[in-house]
Amino acid sequence: MDFIPLAKPNILDSDIAEVSRVLRSGMLVQGIEVCELEKNIANYISTKHASAVSNGTASLHLALIALGIKPDDEVIVPAFSYMATANVVELIGATPVFVDIDVATFNIDVTKIESVITKNTKAIIPVHEFGLACDIEAVIAIAKKHNLFVIEDAACALGAKQNNKPVGSFGEFGSFSFHPRKAITSGEGGILTTNNPNYAKKIEILRNHGIEMADLKMEFIEAGFNYRLTDFQAVLVNSQFKRIEQGLAYKQKLADLYLSSIKNSKVTLPVIPGDRNHTWQSFHIVFNDKINRDEVILHLKNKNIGSNYGAQCMPFQKYYLDKYKLNCAELFPNAMTAYTKGLAIPMHELLTEDHVKYISSTINEL
Ligand SMILES: *Cc1c(COP(=O)(O)O)cnc(C)c1O
């Protein structure tokens, strides 16, 4: 069996032809393809607006700035996510306040949010981890009660829903990534969804050097960024967007096969609450104390299977540990379990059912 990578984007010749077409046109920076992408995503998420940016970290960063989050404000984030979720809060000088996760879903434990809210809390960034919608309805209810903004980190979760409502349409902003590890990719890329026209306008100004166009005249009204997406990246993701439903359905089939084939009492499988769907950006399992996760990574590599940590216990990483000195084992036991005992195993559109059976039987032998 050839090496089975953990992840691999599904780029077809038709996608490459589309990128070539845009490259040959000479129109490379933000243009009509970016516009098309914004229409596609706003329509798919059912928000009034979508604004494309250079990556999913830039999109979270801009959302915080557009909402007016300031140094010394506090922003609630789950303790377990990709580091970008906390880094953007640090980048604007605000303080990330970590909340433990539910170890069954790897999403923020909504019952633990209210106890960390203070007079300085301004926003919550719930993460739809690994592509599973978090209990975003509960997060929104808490945010309403305490007058907080919600930025959904849906980087992994294009197509995920709670009660049939797409993630990215609940909060002030939904933030998506088009990194190659996500459902559809532009290489690097991201997009922010919102129903608020003022927020959308703010993002469009901030991503483009602070420029506002008034009567065809440029006015630099903010100290903005260059966080634009290029048209040849946008067309790559537009081309894949046409088959997003097939891709998600195929990964659901593979996930169902993993769920029925992995049978090992030392392994806990992912759980999908009934009111939500999983888009399977990652298939993440957790080992019990009898298994050394890091040894499994090497063992699987010897069996030609790629695997890796799913995400980080963020307050346990060096920068955060040095700065905040939080006792993670005590405060975030579930995030620590997911971080030290969790493993993402191959999940992508180029994986076959035979691969899944081979990987499952290898895991069953552990
Ligand atoms: C991928 C990811 C990001 C960052 O997206 P980039 O496009 O790589 O910057 C942020 N948050 C989560 C949860 C992610 O998985």
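The values are calculated or read from the model by the stated rules, or taken from the named source; none is laboratory data. None of the values given here were measured: they were computed from a predicted structure. When we count neighbours, we look across all protein chains shown, and the Cβ atoms used for this are built from the backbone with ideal geometry, even at glycine. Remember, those area values only see protein heavy atoms, side chains included, never the ligands or the DNA or RNA. Shrake-Rupley method; radii C 1.70, N 1.55, O 1.52, S 1.80 Å.
Regarding the range 15-109, what's the average projected area of the Cα-atom convex hull, expressed in nm²? Walk me through the intermediate numbers first.
Details: hull surface 34.2 nm².
In nm², the orientation-averaged hull projection of the range 15-109 is 8.5.
Once the cut-off is 14 Å, how many percent of the Cα-Cα pairs in the range 121-198 end up in the long-distance tail? Counting every Cα pair in the range 121-198, those more than 14 Å apart make up 58 percent.
Heavy atoms of the protein chains alone define the surface here; on that basis the range 288-366 has 51 Å² accessible area per residue at 1.4 Å probe size.
For the pairs 165/251; 112/242; 119/165; 251/323, flag any whose C-alpha to C-alpha distance is greater than 28 Å. Exceeds cut-off: 112/242; 119/165; 251/323. Report note on the peptides 182-192, 234-244: ranked by the mean count of other C-beta atoms within 10 Å, highest first, their order is 182-192, 234-244.
Taking a temperature of 37 °C and a viscosity of 0.692 mPa s, what whole-number D in µm²/s does Stokes-Einstein yield for the range 98-249 with Rh from Kirkwood over alpha carbon pairs? Translational diffusion coefficient: 193 µm²/s.
If each residue of separation counts as 0.36 nm, what is the full-extension length gain between residue 352 and residue 309 once their alpha-carbon separation is subtracted? Length difference between fully extended and current span is 13.3 nm.
Provide the three semi-axes, in whole Å and in decreasing order, of the ellipsoid equivalent to the range 176-291 as defined by the square roots of 5 times the Cα gyration tensor eigenvalues.
41, 16, 13
Taking the Cα atoms of the range 283-335, the ratio Rg/Rh between the radius of gyration and the Kirkwood radius comes to 1.07. Multiplying the residue separation of residue 119 and residue 249 by 0.36 nm and subtracting their alpha-carbon distance yields 42.4 nm. Here the chain exposes an accessible surface that is 54 percent carbon and sulfur, computed with a 1.4 Å probe and the other protein chains kept in place. Considering only 31, 306, 168, the Gaussian network model of the chain with Cα springs below 10 Å gives its largest mean-square fluctuation to 31.
Compactness ratio for the chain: Cα radius of gyration over 2.2 N^0.38 Å (N = residue count) comes to 0.99.
Residue 100: net charge of surrounding residues, Cβ under 11 Å, Lys/Arg +1, Asp/Glu -1, itself excluded? Residues near residue 100 contribute -2 overall.
Extension gain for residue 325 to residue 223 (0.36 nm times residue separation, less C-alpha to C-alpha distance): 33.3 nm. Springs between Cα atoms under 10 Å define the GNM used for the chain, and in it the highest mean-square fluctuation of 18, 129, 295 occurs at 295. At R0 = 22 Å, how high is the FRET efficiency between residue 290 and residue 263 if r is their beta carbon distance? Nearest 0.05 is fine. My answer for the efficiency is 0.90.
Kindly state, to the nearest 0.05, the FRET efficiency for residue 340 paired with residue 214, given R0 = 51 Å and r defined as their beta-carbon distance.
On the way: r = 54 Å, r/R0 = 1.06.
Computed FRET efficiency for residue 340 and residue 214 comes out at 0.40.
So for the range 68-185, what are the equivalent ellipsoid semi-axes in whole Å, largest first, each being the square root of 5 times an eigenvalue of the Cα gyration tensor? Show your work: numbers first, answer last.
Working: eigenvalues 89, 52, 34 Å².
Output for the range 68-185: semi-axes of 21, 16, 13 Å.
Between rounded, prolate and oblate, where does the range 228-355 land on the alpha carbon gyration tensor, with a ≥ b ≥ c its root eigenvalues, rounded for a/c under 1.5, else prolate if a/b exceeds b/c? Since a/c reaches 1.5 but b/c is at least a/b, the shape of the range 228-355 is classed as oblate.
Going 7 Å from the Cα of residue 3 toward and past its Cβ, which residues in the range 154-191 have a backbone nitrogen under 19 Å from where you end up? Correct set: 180-181. Among the listed pairs 290/341; 39/70; 301/341; 122/144, which are separated by more than 19 Å between their Cα atoms? The pairs that break the limit, which is 19 Å between Cα atoms, are 39/70.
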